[in-house]
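Every number here is computed from the coordinates shown, using simple stated rules; none is lab data. In this text the structure is predicted, and so the values were computed from the model without any measurement. Ideal geometry is used to build each Cβ from the backbone, glycine not excepted, and the neighbour counts take in all protein chains shown.
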Amino acid sequence: MPDRAASTPSDALRLLVEGNARFAADKRRMGRVDPDRRTELEGSQSPFATVLGCSDSRVPFEHVFDAGIGDLFAIRNAGQIVDDIVLGSIEFAVVALGTPLVVVLRHTRCGAVAAARSGEPVAAPHLQFLVDAITPSVEKVRTIDAELPQEAIGAAHLEATLRQVIERSGAVSDAVAEGRLAVVGATYDLATGEVTIDTVVGQV
Ligand SMILES: [Zn+2]
């Protein structure tokens, strides 16, 4: 395996795009997970990308991007919701680890988006909190299409999430302004295994 270190946003995005192409084509090389790699990483880490995505079991980041241990700084919750804790994790990756790329990754047929789209109360209060975070994107799509296509809501939620990451974190927006970081919005298709890049903020 080549060294996965990437020092620029464009290098990092290229590694992710190439890794996903291998995965989608069922030609994974398997990122390094061997004992030597564990030893190399024991004292430090230098992941080339930070990924905020859904907890959905069908979207395992290291598989989707054909990555190994030490490659990705992963933040997952159902529906890839941004809150202060998530922003803190992103800032740790950007400020302390110096990752040059943050990817906000949505996926097709997301259950959290479907729950928000339905508008029905959910069975548990903390789950409701999560669903409510997606509701503004439902309302945004409602002004355009009363049928509320689920993937349009998912796309609106992705865009809203990406904007929140940039606008609520000065550490992120400063790094983008200085050219050290790019923030990318992307969609993973459960059926094809392909990741599509939807939005790029910063230079890649
Ligand atoms: Zn999901």
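Miscellaneous remarks
- Remark: C-alpha extents of segment 83-204 on the principal axes read 42, 32, 27 Å, sorted largest to smallest.
- Diffusion of segment 1-76 by Stokes-Einstein, at 10 °C in a medium of 1.306 mPa s and with Rh set to the Kirkwood radius over alpha-carbon pairs, works out to 125 µm²/s.
- Mean projection area, nm², convex hull over Cα of the chain: 11.8 nm²
- With 0.36 nm allotted per residue and the present C-alpha distance subtracted, the Ala25-Ile69 stretch has 13.7 nm of extension available.
- Where both bridge residues fall in the chain, DSSP classifies roughly 25% of the beta bridges as antiparallel.
- Rounded to the nearest 10 degrees, the inclination of helix 150-168 to the longest alpha-carbon principal axis of the chain is 60 degrees.
- Largest GNM mean-square fluctuation across Val122, Val17, Val103, computed for the chain with C-alpha springs under 10 Å, falls on Val122.
- Along its three principal directions, the equivalent ellipsoid of segment 147-191 from the Cα gyration tensor extends over semi-axes of 26, 12, 6 Å, largest first.
- In segment 71-154, Rg over Rh equals 1.04, where Rg is the alpha-carbon radius of gyration and Rh the Kirkwood radius from pairwise Cα distances.
- Subtracting the Cα-Cα distance of Glu18 and Ile85 from 0.36 nm times their residue separation leaves 21.1 nm of extension gain.
- Only Cα pairs under 8 Å and 6+ residues apart enter the sum, and on that basis the relative contact order of the chain stands at 24 percent.
- Percent antiparallel among DSSP beta bridges (both partners in segment 93-204, rounded to 5): 45 percent
- Global geometry of segment 103-146, whether rounded, prolate or oblate, following the gyration tensor of its Cα atoms and the 1.5 cut on a/c: oblate
- Extension gain (nm, one decimal) between Thr192 and Ser55, 0.36 nm per residue minus Cα-Cα: 47.5 nm
- With θ taken as phi - 60° and the Karplus curve 6.51 cos²θ - 1.76 cosθ + 1.60 applied, the whole-hertz 3J(HN,Hα) list for segment 193-204 is x, 8, 9, 9, 7, 9, 9, 10, 10, x, 8, 10 Hz, x standing for glycine and proline.
- Segment 68-86 residues near the modelled Arg38 label - backbone nitrogen below 14 Å, point 7 Å along Cα→Cβ: 69-70
- The separation of segment 1-67 from segment 131-204, counted between C-alpha centres, amounts to 21 Å.
- By the count of other C-beta atoms within 10 Å, a proxy for reagent exposure, Arg32, Arg106, Arg163 are ordered fewest to most as Arg163, Arg32, Arg106.
- The chain - charge dipole about Cα centre, Lys and Arg +1 at Cβ, Asp and Glu -1, debye rounded to 20: 260 debye
- Here the simple spin-label model places points 7 Å from the Cα toward Cβ, and for Phe129 and Leu97 these points are separated by 2.4 nm.
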